[in-house]
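Structure first, then comments.
The values are calculated or read from the model by the stated rules, or taken from the named source; none is laboratory data. Just so it is clear, the model here is predicted, and its values are computed rather than measured. Please note: Cβ atoms are built from the backbone with ideal geometry, for glycine as well, and neighbour counts cover all protein chains shown.
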Amino acid sequence: KNQVEQSPQSLIILEGKNCTLQCNYTVSPFSNLRWYKQDTGRGPVSLTIMTFSENTKSNGRYTATLDADTKQSSLHITASQLSDSASYICVVRLSMEYGNKLVFGAGTILRVKS
Amino acid sequence: DAGVIQSPRHEVTEMGQEVTLRCKPISGHNSLFWYRQTMMRGLELLIYFNNNVPIDDSGMPEDRFSAKMPNASFSTLKIQPSEPRDSAVYFCATTPGASIPPTCGEQYFGPGTRLTVT
């Protein structure tokens, strides 16, 4: 069964600290993996998109990694800011021959405290 | 560009009533997606269009749900009759490019419509 599991469910960290969010997937065959940030009351905004051949991709203080062998991805946030408080959603896309379907994780809720 | 525009932002209605959600995609974007988000189930893809044509509606929960895209600048998601379990935030997202099916295109989400059915 194609699934995307994220951990932890929620996380509270102090401003300035680093954190890492995890995403494990069983989706196969895999096309690409995306991380989205969703602020409260807003739509998701894409942070990174990685294909199976990419191991890491950065977007400012956000760095995503991908291990296609172990089917794991992580999102590392460096020097967290209050504005990083949001839900982070991992989304895996099936390959074209399987209709490019998207499989969504439940998200990790991050709260950054001052 | 104002981004993806959705209306209304909030909708409260009674069970059994018809609800119509609206979406205006970013100009030039050829693919449009309707999603539903709840605490229990997270984000779910309901249906997507490419060049105004419905490509995959396998996520539409039941016949009470229907979606149309009469032209490149407008789409609707209709629920008739609505039920309390339809309460959720409904997002519209669009992607540039006309590839069928959409591949790695960046998806731009609207602000969502929060629907409450009492």
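Residues satisfying the criterion are present in region B:21-35 (criterion: of a type in the set (D, E, K, R) and either more than 22 Å from A:VAL91 (Cβ to Cβ) or crowded, with 18+ Cβ neighbours inside 10 Å (or both)).
Taking each residue of region A:69-80 that is touching a residue at least 12 places away in the same chain (Cβ under 8 Å) and on the phi > 0 side of the Ramachandran plot and looking for partners that are among the hydrophobic types (A, V, I, L, M, F, W, C) and assigned to a loop (DSSP other than H, G, I, E, B) with beta-carbon atoms closer than 9 Å, six or more apart or interchain, yields A:LYS71/A:VAL27.
Can you confirm whether A:SER58 is closer than 30 Å to B:GLY3 by Cα, hydroxyl-bearing (Ser, Thr, Tyr) and more than 14 Å from the chain's Cα centre (by Cα)? When the stated conditions are applied, A:SER58 does not pass them.
In this structure, A:TYR88 does not satisfy being farther than 27 Å from B:CYS23 by Cα, among the aromatic types (Phe, Trp, Tyr) and surrounded by 14 or more Cβ atoms within 10 Å (Cβ to Cβ). At least 3 residues being farther than 24 Å from B:ARG36 by Cα is the threshold, and among the strands (runs of 3 or more DSSP E) wholly inside region A:32-114 those reaching it are A:56-59, A:62-67, A:72-77.
Give the number of residues within region A:11-58 that are away from chain B (no Cβ under 12 Å) and at pLDDT 90 or above. Qualifying residue count, region A:11-58: 21. Within region B:37-52, the set of residues being under 10 Å from the mean Cα position of the chain (by Cα) and within 11 Å of chain A (Cβ to nearest Cβ) comprises B:LEU45, B:TYR48.
Residue-wise test of (1) of a type in the set (Gly, Ala, Ser); (2) over 25 Å from A:LEU94 (Cβ atoms); (3) surrounded by 17 or more Cβ atoms within 10 Å (Cβ to Cβ).
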residue: B:LEU43; (1), (2), (3): no, no, yes
residue: B:MET60; (1), (2), (3): no, no, yes
residue: B:SER75; (1), (2), (3): yes, no, yes
residue: B:SER82; (1), (2), (3): yes, yes, yes
residue: B:TYR108; (1), (2), (3): no, no, yes
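Scanning region A:81-102 for any residue that is more than 14 Å from A:GLN3 (Cα to Cα), in contact with a Ser or Thr (Cβ under 8 Å, 6 or more places away or on another chain), away from every other protein chain (no Cβ under 14 Å) and among the aliphatic types (A, V, I, L, M) turns up at least one such residue.
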